[in-house]
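Beneath this line is the structure, given in structure tokens, with notes to follow.
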Amino acid sequence: LDTLKKSIDSFISALRWDGVGLLYYTGRAFQVGGQNFLLSVDGSSDAGSGSAVEKSIALSPLMDRMNSAQNQLNLVILNTAYSDPSGRSPNGDKPGLAAMSVKPHTFFLSSAPPDVMYPSAFSEKQIFVHQLIPLMEQENLPMSRLGTTLQVNLMAASSNQMTPWALDQLAGTYRLEN
């Protein structure tokens with residue numbers, strides 16, 4: 001957890017007003033009391049326990065820190081909505097992430113909508129990543145189309161079983177460039 005916190009601190013301090021912040025996280029996440037947490041590698045999958053919260057990073061304060069850098073754009077992409085191979089969900093109150101909002105200049109994308117968990121087989125096949133990467137590589141793809149295009153592609157690749165969740169507070173047109 002200390003290594004993860006130090007990495008986050010370095011990442012936040014490197015954000016600049018004229019730059020773009022990109023946070024990509026693949027791993028376990030859970031919600032407790034409507035708050036979302038990213039589980040560190042050394043965290044327990046028993047997310048309802050106090051130790052899981054203690055070995056996790058709270059998502060909302062992390063996103064607030066990104067926003068306080070006052071950079072042009074923050075992209076937050078989470079690939080977290082999978083039960084572990086034993087079939088247990090790494091959650092506290094409900095499955096998956098809790099509903100949330102985002103601050104201005106933020107584009108948020110999750111592999112599943114609020115309160116949804118997918119079987120671990122979807123994670124093993126990396127369906128979300130295999131659909132996301134080609135879109136991120138498309139020159140001049142408007143950010144406004146990233147979420148909707150990913151939704152169509154992900155549903156087709158998963159036989160209509162997976163739907164991503166996208167939120168944004170973007171003013172103007174942002175495009176992905178390589």
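In this structure, the amide hydrogen of T26, modeled 1.01 Å from its nitrogen in the peptide plane, lies closer than 5 angstrom to those of N79, counting only residues at least 5 positions away or on a different chain.
Residue ranking by accessible heavy-atom surface, 1.4 Å probe, largest first, among Y82, Y24, Y174 comes out as Y24, Y174, Y82. Dividing the summed -39500 (n - 2.57) terms of all DSSP H runs of n ≥ 4 by the residue count of the chain sets its mean residue ellipticity at 222 nm at -10000 deg cm²/dmol. Can you give the accessible area of K94, probe radius 1.4 Å, in Å² rounded to 10? Here the accessible area works out near 100 Å². Full extension of the segment from Q70 to V41, taken as 0.36 nm per residue of separation minus the current Cα-Cα distance, would add 7.5 nm.
In summary, the convex hull built on the alpha carbon positions of the chain has an orientation-averaged projected area of 9.8 nm².
With protein chains left intact and a 1.4 Å probe, residues in the stretch 120-178 average 58 Å² of accessible area per residue. A probe of 1.4 angstrom, applied to the heavy atoms of all protein chains, finds S159 with accessible area near 90 square angstrom. Across the stretch 119-131, coupling constants 3J(HN,Hα) worked out from phi with the 6.51/-1.76/1.60 Karplus curve, θ = phi - 60°, read x, 4, 4, 5, 5, 4, 7, 6, 4, 4, 5, 5, 8 Hz, and Gly and Pro carry x.
Residues W17, W165, ordered by accessible area of protein heavy atoms at a 1.4 angstrom probe radius and largest first, appear as W17, W165.
Comparing L4, L39, S144 along the charge dipole axis of the chain, the residue lying farthest to the positive side is S144, per the Cβ-charge model. Put simply, the amide H of Y118, placed in the peptide plane, has neighbours under 5 Å in Y82, S83, leaving out anything fewer than 5 places away on its chain.
Subtract the Cα-Cα distance of I8 and T173 from 0.36 nm times their separation in residues, and report this length gain in nm to one decimal. Walk me through the intermediate numbers first.
Working: separation 165, 0.36 × 165 = 59.40 nm, distance 2.78 nm.
My answer for the length gained is 56.6 nm.
To the nearest 10 Å², what's V129's accessible area with a 1.4 Å probe? Approximately 30 Å² of V129 is accessible to the 1.4 Å probe.
Taking the accessible area of the chain, probe 1.4 Å, and keeping the other protein chains in place, the carbon and sulfur fraction comes to 51%. Sorted largest first, the spans of the alpha carbon positions of the stretch 89-178 along the three principal axes are 37, 28, 19 Å.
The K103 and S159 beta-carbon pair, evaluated with R₀ = 35 Å, returns a calculated FRET efficiency of approximately 0.50.
The values are calculated or read from the model by the stated rules, or taken from the named source; none is laboratory data. Predicted model, so just to flag it, every value in this text is computed and none were measured. All Cβ positions, glycine included, derive from the backbone under ideal geometry; neighbour counts span all protein chains shown. Note: accessible area is taken over every heavy atom of the protein model, side chains too, but ligands, DNA and RNA are not part of it. Shrake-Rupley method; radii C 1.70, N 1.55, O 1.52, S 1.80 Å.
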